[in-house]
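Let me begin by presenting the structure, written as structure tokens, before commenting on it.
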Amino acid sequence: MLGTGSCLPSHVVGNEEVGAAAGVSAEWIWRKTGIRARRRVKADEATSDLAVAAGRAALEAAGVGAGQLSLVVVATSTPDQPQPPTASTVADLLGAGHGVAAFDVNAVCSGFVFALSVAERVLAGSDGSYALVIGADVYSRILNPADRRTAILFGDGAGAVVLGPGRSGRGLLAGRLAGFGAERDLIEVPAGGSRLPASERTLAEGLHFFAMNGRGVREFVDATVTPAIDAFVGDAGFSMADVDHFVPHQANGRMLEDLST
């Protein structure tokens with residue numbers, strides 16, 4: 001990774017605000033999640049706006065011009081629109097130039113890891129190329145403010161990295177991707193796709209909102225995450241004693257505390 005960048009919306013939403021809509025107290029949110037506040041976009045901001053800002057910062061940190069990019073990958077489950085891919089918008093706004101490959105990856109919480117792995121493997125077959133990988137989401141647009149299982153957790157933001165030729169002995173050492181399709185109903189947005197197109201009924205029933213089986217997700221994490229980490233570290237040729245830092249994704253800080261013990 002040659003450079004990193006990030007973007008957080010300026011609007012801070014505290015527990016008092018989201019708790020009032022969800023019917024819970026600010027103290028309850030803190031006790032259950034370890035979250036005190038989250039960032040959310042303004043009415044005129046979208047996923048691509050955050051992605052462009054994060055991408056521009058990463059390019060600047062890497063000392064790489066947008067015109068040098070051969071690939072732009074945006075990991076998002078809240079694209080600006082169903083098509084074209086948000087990555088195409090981002091590439092254009094950054095000035096990446098005509099013909100640069102750009103596409104989205106939707107693997108929800110694991111999206112950035114998937115996008116990073118895909119970009120790294122594409123670059124492995126090229127010489128002197130650069131890729132911009134961005135994880136960006138605007139979950140505030142798909143949350144039901146009355147649903148305490150989801151509204152209290154998620155915010156909006158973006159992070160980006162530039163990949164390219166590095167010094168000998170430096171770079172990504174290993175990657176491991178996995179999917180669990182049988183558990184796909186634990187988190188979902190039921191409507192808006194080809195199986196259940198948006199309609200007056202789906203809007204009335206709130207089926208375009210993000211939905212999560214909180215207990216099911218917790219049980220899945222407890223049973224899956226630690227063994228997956230152990231296996232990955234071993235595959236990479238290391239032991240757990242060799243690792244100084246773990247940087248996990250999880251919206252619930254209390255869940256991370258339980259995993260660390």
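Mind telling me which of His208, His98, His11 comes out most flexible in a GNM of the chain, alpha-carbon contacts under 10 Å? Judging by the Gaussian network model, the answer is His98. Along the chain, the exposed loop sites are trypsin sites (Lys or Arg not before Pro) outside DSSP states H, G, I, E and B with at most 12 other Cβ atoms within 10 Å, and the longest stretch free of them is 43-166. This model, with +1 at the C-beta of Lys and Arg and -1 at the C-beta of Asp and Glu, gives segment 116-177 a dipole about its Cα centre of some 180 debye. For segment 71-173, carbon and sulfur atoms together expose 51% of the accessible surface, with a 1.4 angstrom probe and every protein chain in place. Projected label points at Ser194 and Leu172, each 7 Å from Cα along the beta carbon direction, are separated by 2.8 nanometres. Taking the Cα centre of the chain as origin and assigning +1 to Lys and Arg Cβ atoms and -1 to Asp and Glu Cβ atoms, the resulting dipole is close to 180 debye.
The values are calculated or read from the model by the stated rules, or taken from the named source; none is laboratory data. Here the structure is a predicted model, which is why all the values come from computation and not from measurement. No Cβ is skipped: glycine too gets one built from the backbone with ideal geometry, and neighbour counts run over all protein chains shown. The protein model used for the area step is the full one, side chains on, heavy atoms only, and it has no ligands, DNA or RNA in it. Shrake-Rupley method; radii C 1.70, N 1.55, O 1.52, S 1.80 Å.
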